[in-house]
Amino acid sequence: MRLAFLASHGGSAARALVQACRAGELGAEALALASNNSRSPALAWAREAGLQTAHLSSAKYPDPDDLDAAIRDFLLASGADTLILSGYMKALGPRTLGAFAGRVLNIHPSLLPRHGGRGLYGDRVHESVLASGDPESGATVHLVTAGIDEGPVLEQVRVPVLPGDTLDTLKARVQAEEAALMLRAVRNFAAQHG
């Protein structure tokens, strides 16, 4: 597999996958990373790691269709055949989804289908879990489809919601599991889909 990534902030799952590729722990090649945020730490470390990088956002491409085409074109030009979303806070357009149909993986910080969908991202997910009184949370890797957080679940990891948990403590517990979850999901996906 030839991997490309989209990230909005730190891209911790992407970083873990790049390291696993280079350490021979994942039979894949990491090629490129794009971000909608020109100041994202993900862009900085991806450049340092020698990946092809790009800042692709509505600031550069105000028309959503033009932005979608630019993302698709950058990813295809990189040589990637599989796209990993690592904390990417934007919905993908039909051109990018079409070019990578069935080969776009996303990590979401809850046990989908609970606490997913439009408007539930980042800290909002953990706030929703805490407000619900759920006894557990976790993270989900799923295939991306046109519906927000609606694609088939590939892997999940569960973490308890503890008495006295705050947004920060729950978020830290979930994030501590995400890199290993994403690595396991991508390994299993590669074994099935090459």
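The values are calculated or read from the model by the stated rules, or taken from the named source; none is laboratory data. Because the structure is a prediction, the values reported are computed rather than measured. In this analysis, Cβ positions are derived from the backbone assuming ideal geometry, glycine residues included, and neighbour counts consider all displayed protein chains. Calculation scope for accessible area: heavy atoms of the full protein, side chains included, ligands and nucleic acids excluded. Shrake-Rupley method; radii C 1.70, N 1.55, O 1.52, S 1.80 Å.
Points worth noting:
- Checklist (1) out of contact with any Phe, Trp or Tyr (no Cβ under 7 Å at 6 or more places or on another chain); (2) under 30 Å from Thr169 (Cβ atoms); (3) among the hydroxyl-bearing types (Ser, Thr, Tyr); (4) surrounded by 14 or more Cβ atoms within 10 Å (Cβ to Cβ) applied to Tyr61, failing item: (2)
- Hey, Lys90 touching a residue at least 60 places away in the same chain (Cβ under 8 Å) and touching a helix residue (DSSP H, G or I) at 6+ places or on another chain (Cβ under 6 Å) or not: no
- Filter result (within 12 Å of the chain's Cα centre (by Cα), surrounded by fewer than 19 Cβ atoms within 10 Å (Cβ to Cβ) and not small (Gly, Ala, Ser)) within segment 1-38: His9
- Residue in segment 58-67 that is within 19 Å of Ile148 (Cβ to Cβ) and within 15 Å of the chain's Cα centre (by Cα) present: no
- Looking only at segment 127-158, residues that are closer than 25 Å to Val104 by Cβ and touching an Asp or Glu at 6+ places or on another chain (Cβ under 8 Å) come to 7 in all.
- Enumeration of residues in segment 39-57 that are surrounded by 14 or more Cβ atoms within 10 Å (Cβ to Cβ), of a type outside the set (S, T, N, Q) and in a loop (DSSP other than H, G, I, E, B): Ala49, Leu51, Leu56
- Criterion (open to solvent by 50 Å² or more (accessible area, probe 1.4 Å), modelled with pLDDT of 95 or more and closer than 21 Å to Cys21 by Cα) met by exactly one of Leu85, Leu143, Leu76, Leu105: Leu76
- Residue match in segment 123-130 (condition: among the aliphatic types (A, V, I, L, M) and either surrounded by fewer than 21 Cβ atoms within 10 Å (Cβ to Cβ) or part of a strand (DSSP E or B) (or both)): yes
- Matching entry among Arg184, Arg173, Arg114, Arg118 (being modelled with pLDDT of 95 or more, open to solvent by 50 Å² or more (accessible area, probe 1.4 Å) and not in a helix (DSSP H, G or I)): Arg114
Here is a yes/no grid of residues against (1) touching a Leu at 6+ places or on another chain (Cβ under 9 Å); (2) at pLDDT below 95; (3) β-branched (Val, Ile, Thr):
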position: Ala7; (1), (2), (3): yes, no, no
position: Leu17; (1), (2), (3): yes, no, no
position: Ala44; (1), (2), (3): no, no, no
position: Glu48; (1), (2), (3): no, no, no
position: Leu56; (1), (2), (3): yes, no, no
position: Lys60; (1), (2), (3): yes, yes, no
